[in-house]
Every structure is written in structure tokens, then in C-alpha cells.
Amino acid sequence: MSTSTTAPVFDEPALVARAKAGDMSAFSDLVQHYDRRIFRMAKQITQNDDDAEDVLQESFLKAYTHLDDFQGNSKFYTWLVRIAVNEALMKLRKRRSDRTVPLDEPIDTGEDEMVREIAVWDENPEETYSREELAQILDQAIQSLKPAYRTVFILRDIEELSIEETAEALSLSISAVKSRLLRARLQLREKLTRQFKRQGDDAFAYL
Amino acid sequence: MLTCKQFLQELTDFLDDTLDPKLRAELQKHVSECPNCWVVCDTTEKTLKVFKGMEPQPVPSHIQAKLMEALEKKKKSKGIATQTDI
């Protein structure tokens, strides 16, 4: 039996410092800590497994190559996300350049579309659906968003960057992030409500 | 008295709790008196919660292996570049 059964503490600044000094195993630890989140984000933005794989690889290679440029003003993870989101958006632009809309399309402000479904949810979608089913429902909901909304939602609400960090990563103003975020959240709420609403409890018919 | 439309426009800041206390109190009052906005607010909050609760799947091992291989290669070329630079 080993003397210690607790998992080693993940000390990001220390790992970054060691990686900067040339310690590859420290950089590997950073990769292993964040690769699944970067990969998920890449898949959600590009919606393509091959592109996501490229984004994963290119992001970590770039981070490794430019590690000396990382000054520690932000968290390493935030810096990494910024690299990855740029890689993912480049893929998306390349893929979409000959069709569909650019990422900086004017935002649709059709107020009447903001809220249609008003119904309470079943108690716990997490208990009603299996992990896989739930993951599929959430993925489909995200995929249905326009890229301009989707990207903001992923960074702010899934990767949990702040509004300011999201704005910086996407070169958007704070107010643009907020308005896109509002629409993304409401559109997702709309879609999930259709899925999760309590049966026989449509709207507030009894009011 | 706030309208539902005004309430919705502030929903993001309301949920993120980044509003000044006065506006927050007004929104709180609206949401406690307007059943529709209460439902929208509650289900939006649950929407965020369900997304935040999703654990990312592990990266498939062959993709991980490729990444580590590429990094090793990069490490070598980084080393060589530094040596030849001197």
C-alpha cells in the first residue's frame, strides 16, 4: 500500500514555471489536466471531429512554442482557451467561407422570438435521462445556435470565463458579449424547455 | 414598475449577479410578482446549471498519443533551433 492515497494537488503556476524551464513532464501534466476541456470546446465550436482533433493538437503545440510569451497576467487556462478558440474559429471560417454566414453577422434582435415556451420543468433532467442521453440533448441544443451566439455561450457558460475574458478572447465589446449571451441563454432555455417541461403543464393555462 | 421586456433584457446580469443593488431589487420584485418571468428566470438558471454540470469526455487515447508525439517532436526541434541559433 502506498503511504499516500490522496491525489496530487494540481498547482498550475508551479507547473507552468517548471514547463517554462524546460520540464516536459510538467507540460504533459498541464496537457492532461486540460485536454478534455479544450477538445470539447473545439468540437462544440467546429462541430467536426477531425477539425477538433487538429485544434487540440495545434493549440497545445502553439502554447508549448509560445510558453515564454505567457506572462502570467491571466490564468494559464484562460490563455490556453484564447489560443484554442482562435484555432477553432479559423477552422470554422475556412469551412464556412464559401457558404453560410460570417461570424460577425448582425445579431438578430427579433424580440418576439425570445420567449415562447413558458413551462416549468420536471424536477431533475439529470435523473430522468442517462448521462449519454442528456449529453446528446445538450449537444444538439448547442449545435442549433448560430456560431456568433454559440461561441460566446461556450466560453462564458461552459468554460466559465468571465464576461471580460470572453470579450477579450473573441475581440468583442463587453456589451456585444452580453447581448449575445442573453440570446444564447434564452434560445437554449427555449429548446431545453421543449424537452424538459413537465408534461400536461403547458404554459400557465390555469392563470 | 419594470416591464417583462425590461426584465428579460437584464436577465443575464441578474443571473450573473453583477447588477447594482437598486436595479437588482427592482428585478427581484418583478420576478416575485410575475409568474411568467419567474418561470423564464428559473428555467434559464436550470439551463445554465445543466450545462455546467456536464463533465467533458476523456480525449480518445489515440488522439492523446498523437498529441504527445507531436509535442515530443516539437521539443526536439525547439532544442535544435536553440543550439543552431547560438
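Descriptive notes on the structure:
- Translational diffusion of the protein assembly as shown, µm² s⁻¹ [Kirkwood Rh, Cα pairs; Stokes-Einstein; 10 °C; 1.306 mPa s]: 75
- Nearest-0.05 FRET efficiency for A:Gln136 and A:Lys62, computed from C-beta distance (R0 41 Å): 0.85
- Over segment B:1-54, the Kirkwood radius and the radius of gyration, each from Cα atoms, give a ratio Rg/Rh of 0.98.
- Computed log10 I(q)/I(0) for segment A:125-204 at 0.17, 0.18, 0.20 Å⁻¹: -0.72, -0.78, -0.89, from the Debye equation with unit scatterers placed on every C-alpha and solvent omitted.
- Taking label positions 7 Å along the Cα-Cβ direction at both B:Lys52 and B:Asp16, the computed distance is 1.3 nm, reported to one decimal.
- Mean separation of Cα contacts under 8 Å, 6 or more apart, over the residue count of segment B:1-54: relative contact order %: 36
- Pairs spanning more than 21 Å between alpha-carbon atoms, out of A:Lys146/A:Lys178; A:Lys62/B:Lys66; A:Lys20/B:Lys76; A:Lys191/B:Lys52; A:Lys146/B:Lys66; A:Lys91/B:Lys66: A:Lys146/B:Lys66.
- Peptide A:29-38 - average C-beta neighbours from other chains (10 Å radius): 3
- Between B:Lys78 and A:His33, the modelled label-to-label distance comes to 1.6 nm, taking each label 7 Å out from Cα in the direction of the beta carbon.
- Between A:Met90 and A:Phe10, the modelled label-to-label distance comes to 2.6 nm, taking each label 7 Å out from Cα in the direction of the beta carbon.
- Descending Cα extents along the principal axes, segment A:12-95, whole Å: 38, 21, 17
- Share of pairwise Cα-Cα distances greater than 13 Å in segment A:8-49 is 58 percent (whole percent).
Here, each number is a calculation from the coordinates, and none is a lab measurement. From a predicted model like this one, the values you see are computed outputs, not experimental measurements. Please note: Cβ atoms are built from the backbone with ideal geometry, for glycine as well, and neighbour counts cover all protein chains shown.
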